[in-house]
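The structure under discussion appears below in the form of structure tokens.
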Amino acid sequence: MKRYHAAYSILGGMLFALLVLNLIIGSVYVPPSQVFRIIFLRQETDAAALIWTIRFPRAIAAALLGGALAVAGFLLQTFFSNPIAGPFVLGISSGARLTVAIAMVTALSAGRILSSWEMIFAAFIGSLASMGLVLIFSGRVRNMSVLIVCGIMIGYICTAMTDFIVTFADDTNIVNLHNWTKGSFSGMTWGNIRAMIPVVFIALLLSFLLSKPMAAYQLGESYAKNLGIDTGRFCFELIVLSSILSACVTAFAGPISFLGVAAPHLMKRLFRTERPLIILPACFLGGAAFCLLCDLIARTLFSPTELNISTVTSVFGAPIVIYIMLQRTKRGAASS
Amino acid sequence: MIASNFLTNKAKAYDSISYSGKLSHKGSQGAGCVTPITVRGLTIGYGSKAVLKDADFEVRTGEVLAIIGPNGAGKSTLLKTLAAQLPLLGGQISLMGSDIRKLRPEDIARSLSLFLTDRPSTEWMTCRELVSAGRYPYTGRLGLLSEADWSIVDASMEKMGAADLSDIPFNNISDGQKQRVLLARALCQEPNVLLLDEPASFLDIRFQLELVSTLKNLAHCDNLAIVVTLHELDLVRRAADRVICLRDGRVDRIGTVDSILTNHYMEQLYGLPAGSL
């Protein structure tokens, strides 16, 4: 228990520190004391507009969506009993991006812009569709590599179709669309955040309530059934929740690679457990902190040029995925 | 049959292994009046394809019933159906006197527990955490265990000789140790019926004999009804009170070990030329 308390404290501290850093660092340095006065005392200074309309919503979005993505990753890892499953690796993010791109272009050609809710809905349809494809292709294959290869292929197909749409979409807003398809937190508005808060938190709460069947499912489907879990219903709920979470992320920030795999892995390592009851909240906090860090780097490293968020998350996340695979292979060879 | 002689000589030495203290069991209290499992006119299989037809038998309190038969005869299918993991294609199974199709999953979980050949693949889960999953049918929404639940977890591990493995990740222990931990998990579910699918695979002779004595003790001392599928006839001879033989899509014979495990009948059952045993 002590370890859990300590680990949660570390996570909370990191999250807070990164949130503050994201507010003070940028093209213009705003000292922490001034940030405090702007946010809590509503002080009207030159920097107030910058903090309120740009940095603060962006930081909140990065934290919320990063957390959501990590939780989605953990849900998928539990479902596929595969430690490198995640919304991006399985092509779910790319599917969501495709449907959002289609919806955006359709809306733009009709002369209007999609609302936050419509974006989430479009992304959800795409997530579910890709998830369905992954399920069909992988069938009952429990082989980790086959599943991942299917996911990556679906991801490529969706990405190709998205690029096609973006290339031939004829509109002035195409620049935005192009940025978004690469993954970015720039241009977050409070309206976006008002839409994502209920979606993310309700999905999170419902996931947390699935802790018990999830823990049983970690032993495998047969044992879960023997422990009185309605596995059919549980799997359905898990698929819907992970799709909603990844859809919400993709709708607002585009695809973010590897965070959904890396964050849960780091959390399990930090807490030295895989109990969903402990790891789910940890994934949210850890994913939020990870994403804030990556966005900070994306914004500031080559400022004023901004990197795509995926560029940064890949640098950190991909080596972790490779590490997990190597470790698994070694373990598999040792036990057989 | 050299291995058989070896087993006979060594068996006594391991008879008392991993058995210490008595865990309070629902199975030992007043369960004697209800037959734990009654099977009538049972047809089982996958989809619409029947693997086994018209099976009639019961599993009694305090006995080890072994299911034997050639590969593909439906041993595992029968076990999975008894565990309510596969739908019945026909007939009826009563668990503790109630139709299994009318019981809620959590009610089944409280009276029947399962031990499978496949080892769960885990990462950080400790043995104690894994065993504690056996208490889930008794917990609330979040699966939080009470003090009483934890003491049952610890007692089960103690009883199976796995107490010293408590804080070690399940992934890091040997197959023989995994067997003890998984048995402890099955036991802390406080079942009336324990079903085991090929529990002896992966195990060396020492752990196989340990398994045999554990099963006998659980049946004879704790009054569990135990159903086990086994390949090794030597182990069947050692562990089982009664044997049920599956062949050609039906129950071929049911009877005591002595009446079933004759060389003549085994040759018939497994389709061996006469005189090969």
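Residues that are more than 8 Å from chain A (Cβ to nearest Cβ), over 14 Å from the mean Cα position of the chain (by Cα), aliphatic (A, V, I, L, M) and surrounded by fewer than 20 Cβ atoms within 10 Å (Cβ to Cβ) are absent from region B:71-85. Take residue A:243 and tell me if it is surrounded by 17 or more Cβ atoms within 10 Å (Cβ to Cβ), assigned to a loop (DSSP other than H, G, I, E, B), in contact (Cβ under 8 Å) with a residue 12 or more places away in the chain and of a type in the set (Gly, Ala, Ser). So residue A:243 fails the test.
Would it be correct to say that residue B:132 is within 30 Å of residue B:261 (Cα to Cα) and within 12 Å of chain A (Cβ to nearest Cβ)? In short, no.
If we scan region B:166-176, do we find a residue that is within 22 Å of residue A:268 (Cβ to Cβ) and either surrounded by 21 or more Cβ atoms within 10 Å (Cβ to Cβ) or within 8 Å of chain A (Cβ to nearest Cβ) (or both)? Yes, that holds for at least one residue.
Tell me which residues, restricted to region B:51-66, are of a type outside the set (Asp, Glu) and within 10 Å of residue B:254 (Cβ to Cβ).
B:55, B:57, B:65
Kindly indicate whether residue B:201 is at pLDDT below 90 and either within 8 Å of chain A (Cβ to nearest Cβ) or surrounded by 20 or more Cβ atoms within 10 Å (Cβ to Cβ) (or both). No; evaluated as a whole, the condition is false for this residue.
Output the residues belonging to region A:218-241 that are closer than 16 Å to residue A:73 by Cα and at the interface with chain B (Cβ under 10 Å from one of its Cβ atoms). Passing the criteria: only A:218. Scanning region B:128-157 for residues that are more than 19 Å from the chain's Cα centre (by Cα) and touching a residue at least 60 places away in the same chain (Cβ under 8 Å), we see that the one that is surrounded by the most Cβ atoms within 10 Å (Cβ to Cβ) is B:152.
Considering only region A:49-58, I want to know if a residue exists there that is touching a Phe, Trp or Tyr at 6+ places or on another chain (Cβ under 6 Å) and crowded, with 21+ Cβ neighbours inside 10 Å.
yes
Would you mention how many residues in region B:97-107 are within 11 Å of chain A (Cβ to nearest Cβ) and over 21 Å from the mean Cα position of the chain (by Cα)? Spell out the reasoning first.
Taking region B:97-107 first, the residues within 11 Å of chain A (Cβ to nearest Cβ) are B:103-107.
Those still in the list that are over 21 Å from the mean Cα position of the chain (by Cα) too: B:104.
Number of matching residues: 1.
Mind checking whether some residue in region A:207-214 is more than 11 Å from chain B (Cβ to nearest Cβ) and either without any contact (Cβ under 8 Å) to a residue 40 or more places away in the chain or crowded, with 22+ Cβ neighbours inside 10 Å (or both)? Yes, the conditions are met somewhere in region A:207-214.
Of all the criteria given as (1) surrounded by fewer than 24 Cβ atoms within 10 Å (Cβ to Cβ); (2) more than 13 Å from chain A (Cβ to nearest Cβ); (3) within 29 Å of residue A:83 (Cβ to Cβ); (4) not hydroxyl-bearing (Ser, Thr, Tyr), the one not satisfied by residue B:125 is (2).
Of all positions in region B:211-227, none carries a residue that is out of contact with any Cys (no Cβ under 9 Å at 6 or more places or on another chain) and more than 21 Å from residue B:59 (Cα to Cα). For region A:216-227, the criterion of a residue being in contact with a helix residue (DSSP H, G or I) (Cβ under 6 Å, 6 or more places away or on another chain), touching a residue at least 40 places away in the same chain (Cβ under 8 Å) and part of a helix (DSSP H, G or I) is satisfied by at least one position. Scanning region A:1-32 for residues that are surrounded by fewer than 17 Cβ atoms within 10 Å (Cβ to Cβ) and without any contact (Cβ under 8 Å) to a residue 12 or more places away in the chain yields a count of 10. Contact annotation: residue pairs with Cβ atoms under 6 Å, 6 or more positions apart or on different chains, pairing a residue in region A:255-284 that is more than 12 Å from chain B (Cβ to nearest Cβ) with a partner that is outside any loop (DSSP other than H, G, I, E, B) and of a type in the set (D, E, K, R), are A:255/A:97. Here is the figure for region B:108-118: residues that are more than 8 Å from chain A (Cβ to nearest Cβ) and surrounded by fewer than 18 Cβ atoms within 10 Å (Cβ to Cβ) total 1.
The values are calculated or read from the model by the stated rules, or taken from the named source; none is laboratory data. Please read these numbers as outputs of a predicted model, since none were measured by experiment. Counting neighbours? That spans all protein chains shown, and the Cβs are built from the backbone with ideal geometry, glycine included.
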